[in-house]
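The numbers here are math on the coordinates, done by the rules we state, and not lab data. Predicted model only: the values in this text are computed from it and were never measured. Glycine gets a Cβ as well: all are built from the backbone with ideal geometry, and neighbour counts include every protein chain shown.
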Amino acid sequence: MEQIERLPAYKVWLSSINNGSYVKQTGEFTPHYIDVEGKKISRINIIATVVQKTEIEDKSYSSLTVDDGSAQIRIKTWRDDTKLLNQVNVSDILIVIGKVREYQDEIYVTPEIVKKVSSKLQILRSLELYKEYGKPKPLSIVLRKQISEEKSFNVEEEKIGDNQEQKRQRLLNKIEEMDDGSGAEISKVISSSGLLESDAEKILQSMLLEGEVFNISSSKIKLT
């Protein structure tokens, strides 16, 4: 009988998984996969922070929402597999190895291995991903979605004559002002800055690349 080789678990940004195309294949030994830059990814190896945990009383279902700084994804378990998440709490940093799945347009992961790791290992993984893939680019997509949801914040009309440096400084001031210790909400920083959304996004992306600010999650930002 021919031996079936286990598929590799790729190390990738979560944003690449969420932005990739999910391909369903037919056949018993032809697994579904996410197409990421030509790679057919059926299993992933990620390091991310737990931001939410959900479980039902009879322990037949448990899930985590995890964030690697580029995007979020859910880790879902059923029946006996829920034991993998028993000792996991919000704010834990985990390495998760598992299969990529899709249901009703949601990409999620069914885990094989879940283990707590240190923040140092999380930083090393980020550096490894930077080297292989470059900086993730989910920011503009995330910002537009969040801005549309932040209807309670009114954007002031942009002042004529603001140069790029003034706009940059305005955003820096807003980040510092709105950071409560756990970072400033990106959507609120833009909404209250008085800048055009497109301009603010471009400046924030530039500031991220130059290291003036950094993402502590997909929705919050902090001064370096």
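Tabulated results
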read-out: Prolate/oblate/rounded call for segment 9-133, Cα gyration tensor, a/c under 1.5 rounded; value: oblate
read-out: Computed label-point distance, nm, for sites GLN87 and GLU55 using a 7 Å Cα→Cβ extension; value: 1.3 nm
read-out: Other-chain or far-sequence residues with amide H under 5 Å of VAL117's (modelled H); value: ILE93, LEU94, ILE95
read-out: Where labels lie 7 Å past Cα in the beta-carbon direction, separation of LYS116 and ILE216 in nm; value: 2.1 nm
read-out: Residue-wise HN-Hα coupling along segment 55-67, computed from phi with Karplus coefficients 6.51, -1.76, 1.60 (Hz; x: Gly, Pro); value: 8, 9, 4, 7, 6, 7, 8, 8, 9, 10, 9, 10, 9
read-out: Whole-Hz ³J(HN,Hα) from phi, Karplus 6.51 cos²θ - 1.76 cosθ + 1.60, for segment 83-99, glycine and proline x; value: 4, 4, 9, 4, 9, 9, 10, 4, 5, 5, 9, 10, 9, 10, 10, x, 8
read-out: Pair ILE95, SER21: separation of 7 Å Cα→Cβ label points (nm); value: 3.3 nm
